[in-house]
Amino acid sequence: MDGQRYDVWASGAAYDRYMGRWSRAVAREFTAWLGRPGGLRWLDVGCGTGVLSAVVRERCRPDLVVGCDRSEGFVRAGRSGVVADAMALPVRDGAFDVAISGLTLNFLPDPVAAVTAMARAVRPGGALVAGYVWDYADGMRLLRLFWDTAAELDPAAAELDEGLRFPGCRPQPLHDLWTTAGLAEVIVRAIEVPTIFADFADLWGPLLAGQGPAPGYVTTLPPAARDDLREALRAAAPTAPDGSIPLSARAWAVRGRTP
């Protein structure tokens, strides 16, 4: 992820197990929705571990894909991209045909500056600028389950809930963000994917690695409180007869064109 940091954006492998595997499914739906032809130059802003960039390479037949992210650890894990700030992109004006951003904008201190920089990086006259963020308030069921459970045990945990902290991750704020950045023909749509955990260990294990706000919160808890949260979460999780935990994740995707 890019933008404002906690001490939780360093290990690419741990983040991929926590959230990257679900982002990959969203990225496939997202790139299909963009419907771009082959041979284009793509810029992936806040590329993280390179999940979205990899999907572009696999499915969109690009001429070039450049990813950038402020986390050196994530860029190193993705084996591609450059370490750079989303709000000060080190690229020439009009150098790309498409600029994209996955699961990044809500972590930036100035999303308008970032989307404006993305628009500057693509050619004028109809180039595409697009992105997606999780629907933290309602549609990201893992995080909704986690924070609701955590807040029952520790009311202070509610202050960390992404659904409250990131009000911009909704259709109208995203539409407004794109239009404020000067983009036209703006469209917002939902992308929903299944997030099926093999068992409770598959759900709980990634929360112990500290990569992301929810895992970061878990690492701050003393052992007894961590155990209480684990058992409360186990009890709250909707478990199928085979032990799996079938959840779903919704992202809001937005796209617009340069004038």
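The values are calculated or read from the model by the stated rules, or taken from the named source; none is laboratory data. The structure presented is a predicted model; accordingly, all values stated were derived computationally and were not measured. Every residue, glycine as well, gets a Cβ built from its backbone with ideal geometry; the counts of neighbours run over all protein chains shown. Note: accessible area is taken over every heavy atom of the protein model, side chains too, but ligands, DNA and RNA are not part of it. Shrake-Rupley method; radii C 1.70, N 1.55, O 1.52, S 1.80 Å.
Structure data summary
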{"item": "Charge sum, other residues only, whose C-beta stays under 14 Å from ASP228's C-beta, Lys/Arg counted +1 and Asp/Glu -1", "result": "-1"}
{"item": "Choice from LEU52, LEU153, LEU108 with maximal GNM fluctuation in the chain (Cα, 10 Å cutoff)", "result": "LEU153"}
{"item": "Residues GLN172 and SER248, FRET efficiency given R0 of 25 Å [Cβ-Cβ distance, rounded to 0.05]", "result": "0.65"}
{"item": "Degrees separating the helix 171-180 axis from the principal Cα axis of the chain, which is the longest one", "result": "30"}
{"item": "Relative contact order, percent, the chain [alpha-carbon distance under 8 Å, six or more residues apart]", "result": "22"}
{"item": "Estimated inter-spin distance, ALA240 and ARG28, nm [label 7 Å along Cα→Cβ]", "result": "1.7"}
{"item": "Mean projected area (nm²) of the alpha-carbon convex hull when the chain is viewed from all directions", "result": "12.8"}
{"item": "Exposed-site-free run, longest, the chain (rule: trypsin sites (Lys or Arg not before Pro); DSSP loop; at most 12 other C-beta within 10 Å)", "result": "93-259"}
{"item": "Rounded if a/c under 1.5, otherwise prolate or oblate - region 220-259, Cα gyration tensor axes", "result": "oblate"}
{"item": "Residue among GLY125, GLY46, GLY139 with the largest mean-square fluctuation in a Gaussian network model of the chain, springs linking Cα atoms under 10 Å", "result": "GLY125"}
{"item": "Global form of region 187-259, assessed from the alpha-carbon gyration tensor, a/c cut-off 1.5", "result": "oblate"}
{"item": "Extended-chain gain in nm, criterion 0.36 nm per residue less alpha-carbon gap, ALA225 and THR180", "result": "11.8 nm"}
{"item": "The chain, accessible surface, carbon-and-sulfur percent (1.4 angstrom probe)", "result": "53"}
{"item": "Sequence-separation-based contact order of region 207-259, relative, with Cα cut under 8 Å and 6+ spacing, percent", "result": "15"}
{"item": "Accessible area of MET19 in the full protein assembly, 1.4 Å probe (Å², nearest 10)", "result": "10"}
{"item": "Rel. contact order, % - alpha carbon contacts under 8 angstrom, at least six apart, region 158-248", "result": "29"}
{"item": "Using alpha-carbon coordinates, inclination of helix 21-34 to the longest axis of the chain, degrees", "result": "30"}
{"item": "Candidates ALA113, ALA27, ALA201: whichever shows maximal mean-square fluctuation once the chain is modelled as a Gaussian network with Cα springs under 10 Å", "result": "ALA201"}
{"item": "Angle in degrees between helix 223-236 and the longest Cα principal axis of the chain, rounded to the nearest 10", "result": "80"}
{"item": "Accessible surface, per residue, of the chain when the full set of protein chains is kept, probe 1.4 Å, Å²", "result": "41"}
